[in-house]
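One structure is given below, encoded as structure tokens.
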Ligand SMILES: Nc1ncnc2c1ncn2[C@@H]1O[C@H](COP(=O)(O)OP(=O)(O)O)[C@@H](O)[C@H]1O
Ligand SMILES: [Mg+2]
């Protein structure tokens, strides 16, 4: 082994261990983010493994969207094991004395479900006894919101029940479930008596099974499937539920992991930049060593050893930090996880994070490292400002860059388990880094030109300081700007999603939607609405049907075909269809011709189909579809294709029939109204209608929006948390850059003092420098995120883009303040230096 | 002239002791002298004899262990750091061995700094700096950065900077120490020319005997004490240039 190199590396490093440590700290935040998210994933998957049965609550669940037939029930009997059943649907529930109503998720349970895990209630005994006592369990959030207590009553359909318990936890469901609507659990019999099931609600019927360990559930499912043939039964086993869940967790952690990876890359960029400045400063030493006859291989080894040691130290510190952070991550996701996470030190995650950290920082450091060999021995006798990188051969430069990118992409594709994702990510990242670098160069040079005589000396000196040799201004602006970019894009996307669904609240904008209205109730509801000064904006009939044939083949034939590429969703879904003679404002015909009137269903019916279904089915104009309308087949032909603006809150339909066909079919109505006034008026209106017609469901659009906003904010919090690591990296890199230039800064400060600057002037100059740096970084990041936001708005949401300048402004201010804080911390160490040092300072 | 009556710099019983690790090192030991206006004085002595320390104390860059420094009528010992900075700004010019230009400013901007620190208006300062740079022969290098200038050129910029405030006294610590002989001689020439033209008092620390001989007066330091103090010319009024017996 090369003894000389190791010894020299150590001797050379020991006097500056402190600053070397600082240089490598750039990757700490990135490695920490990576280790934390990898460990978190390991924890969640471990928990899923351990509690797989609780996720489903049974060994097997069989589901159907209509009541099980007597043949089904007979078949269930033959399967054996312990069994339970449930019906689940959404309906209005009237809560308490005041009669507040909410569209709620109701489930009626009969039997010992869940077989694994338990429904947690307060009092705890309620979960076990509600079926015997004929009482209800009600979700905690709605009880708190409406001020309800155990002992109060609720009304479901025509039936009143006492609340015997508050739902704290349902196995397999996260707290976020409540955002969709309050959960209410009642005995199944009650539902059957409530009269709700007959009146058009969409109901899921489930049968649950618990078997002995020995039973092969997969084989059982296979045989039942075969026997049942074309039926609509859906099967969920512990294994399939676990896989579904793991996939979601994988996707989530992969996404967050990528954001963490950005922090790591930025950190590595910072480290590379620090290594370069370090080497540049060492030029004279290197030249001297070369003069003394040290070979280029040996000098390279000396620095390589130092850099590897730095990378290892930084990555190690990051791993430790990551393990600590991981303890707190579950808090961010608590509401999305259906269980408490079992935490464990996942060595594989720690090692993976550590390894990736070291590898990535080394890969980035290769370029500055090999530039060591361009330092000529001549530099030992002639001091000059020498830039090693500029003397590297162009081809070497390019080669190393390409190799580095390939290694990083490879690492990422291992991490995300997808080469395409890695390539897309790297592509996006390279573009944004290049853009950021470009923008920061532009801003910096713009600023340089801006040294106007009109500004005070303090300002001009502050600006000039940004161009201090080896100051890394562009790299700093890039790393800090990237953090800003991530946060900016996230907040912009959230705003846009909200905008997209935040249908303006105006006089003619709908704020209450009723559906599941029976034919005989329709007139009364319209009358009630008008009596209460509400305006009826839309009143549409809805007929539900299923696809039975597509292009001459039955759905079963298509699904059995191994080469089938048509989405099962589009083939099997229940189509809710309306009929009318006119198009509405949200619809535009893109192909074919809209035919508004038809003559019964004896001839082929010309229908209009939404673009999305056309895509899913792979259908085209003129294709024939046969729909099964509650037992009656109706043959149709795609006469036109529509683009539908789903941004509107009123009911929209993928499939639209002309008038004159469906009128006699069994149907129900949906009614969209505008209630003048505020939330109270809307609630009163809703109560009045639900009291008169308990089966009718109501959607308060204000409340829905609130739920969506809450949900998005929770997701955003998680993403912002990860983006914060990039900001953190930026600040650390800034700290180390300041440390590198510390001597230079002290010299400048002392020199200014010697020339007669008072302390305040010296401080102000530095403050201006840091503030400018923060502003530049924010501007670069903000500018790019605005452009990104505009692109997203244009391509994705198809909206005009209005950025939320307030929230972006707050982020900008925060970043500038953080930069100032780091700067001020450093200034503390500079002031208080005696000016005399300037006289003794050696040439440097 | 009136100012000839009053010494620009009066140093009385100046002592500086550094304590490191319990042991005290007396670098300056009861040094006294005064220098009148317009006089050029060199301080010479072997390396480590305390020249730089003395210069630093005279310019208020450090505080003495005992004794006092009076500069242009200001008693330095009783001033705060910021008051000292203002005094340096108004009354003192500096030329350093290692030039000490601000790397982020161009030549002319470097020259302007002392006046700008006082809040001088841009235009007149710029013109003054330009004129000074012309006087030191750098009229064509105004917008160059220090790294783009040779050592001699950097030192010329530093000299222009030292004179821009028309200081009463100029301290130079081995101004030619980092330069080759020929360039050093040019710098000396510029320094003495400007000194004569502006009537500034000049204190030059050097170990170059030739440079010392060009001054009106030579103070020889050895181990922190004044070993000799002699006039090279007879024209200087004795009372403001007391030579201790
Ligand atoms: N901060 C300090 N602490 C201890 N000793 C010092 C310090 N600064 C200077 N000295 C010592 O004071 C002596 C005089 O230094 P200096 O004035 O720089 O000498 P010269 O300029 O004549 O070469 C030297 O021996 C030096 O080591
Ligand atoms: Mg000295």
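Numbers at a glance
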| quantity | calculated |
| --- | --- |
| Shielding by other protein chains, A:745-754, mean Cβ within 10 Å | 4 |
| Ranking of A:364, B:192 by count of other Cβ atoms within 10 Å, fewest first | B:192, A:364 |
| By average C-beta atoms within 10 angstrom, highest first, the peptides A:737-748, A:209-220 | A:737-748, A:209-220 |
| Computed E for residue A:717/residue A:244 - FRET, C-beta separation, R0 22 angstrom, nearest 0.05 | 0.35 |
| Simple spin-label estimate for residue A:421 and residue B:210 in nanometres, 7 Å along Cα-Cβ | 7.6 |
| Whether the range A:482-625 is rounded, prolate or oblate, judged on the alpha carbon gyration tensor where a/c under 1.5 counts as rounded | oblate |
| Modelled FRET efficiency - R0 30 Å, residue A:708 with residue A:162, Cβ distances, 0.05 increments | 0.40 |
| Simple label model, 7 Å out from Cα along Cβ direction - residue A:449 to residue A:234, nm | 6.1 |
| Net lengthening on full extension, residue A:434/residue A:817 (0.36 nm per residue, minus Cα-Cα) | 135.3 nm |
| Rounded, prolate or oblate (a/c below 1.5 giving rounded, otherwise prolate when a/b exceeds b/c) for the range A:582-728 by Cα gyration tensor | oblate |
| Within 10 Å of each Cβ in B:91-103, the average number of Cβ atoms from other chains | 5 |
| Per-selection Rg to Rh, the range A:60-214 - Cα, Kirkwood hydrodynamic radius | 0.97 |
| Highest to lowest packing among B:197-204, A:410-417, A:770-777, scored as the average C-beta count within 10 Å | A:770-777, B:197-204, A:410-417 |
| Ordering of B:94-102, A:590-598 by burial proxy (mean other Cβ atoms within 10 Å per residue, highest first) | B:94-102, A:590-598 |
| Shielding by partners - mean other protein chain Cβ count within 10 Å, residues of A:761-768 | 1 |
| Largest to smallest principal axis extent of the C-alpha atoms in the range A:221-279, angstrom | 74, 16, 15 |
| Value at 222 nm in deg cm²/dmol, rounded to 500, when DSSP H runs of n ≥ 4 in the protein assembly as shown each add -39,500 (n - 2.57) | -16500 deg cm²/dmol |
| Antiparallel DSSP beta bridges within the range A:60-214, percent to nearest 5 | 80 |
| Cα point-scatterer Debye curve for chain B, base-10 log of I(q)/I(0) at q = 0.08, 0.13 Å⁻¹ | -0.30, -0.80 |
| Exposure proxy order (Cβ contacts within 10 Å, fewest to most) of A:561, A:524 | A:561, A:524 |
| Gyration tensor (alpha-carbon) shape descriptor, the range A:28-142, a/c threshold 1.5 | oblate |
| Net length gained if the chain between residue A:791 and residue A:523 were fully extended (0.36 nm per residue, minus Cα distance) | 91.8 nm |
| Burial ordering of A:188, A:120, fewest other beta-carbon atoms within 10 Å first | A:120, A:188 |
| Per-bin percent of Cα-Cα distances, the protein assembly as shown [10 Å] | 2, 8, 13, 15, 15, 12, 9, 8, 7, 6, 4, 2, 0, 0 |
| Antiparallel bridge percentage (DSSP; both residues within the range A:535-674; nearest 5) | 75 |
| Estimated FRET transfer efficiency when R0 is 56 angstrom, pair residue B:180-residue A:320 (beta carbons, to 0.05) | 0.55 |
| Distance from the range A:310-373 to the range A:180-198 (C-alpha centre basis), Å | 49 |
| Beta bridge orientation in the protein assembly as shown: antiparallel %, DSSP, nearest 5 | 75 |
| Projected label distance in nm at residue A:67 and residue B:127, using a 7 Å step from Cα toward the beta-carbon | 10.4 |
| Fully extended contour minus Cα-Cα distance, from residue A:398 to residue A:599, at 0.36 nm per residue | 65.2 nm |
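Just so you know, all these numbers are worked out from the coordinates, no wet-lab data involved. Keep in mind that this is a model prediction, so the values were computed, not measured. Note that we place each Cβ from the backbone using ideal geometry, even for glycine, and neighbour counts take in every protein chain shown.
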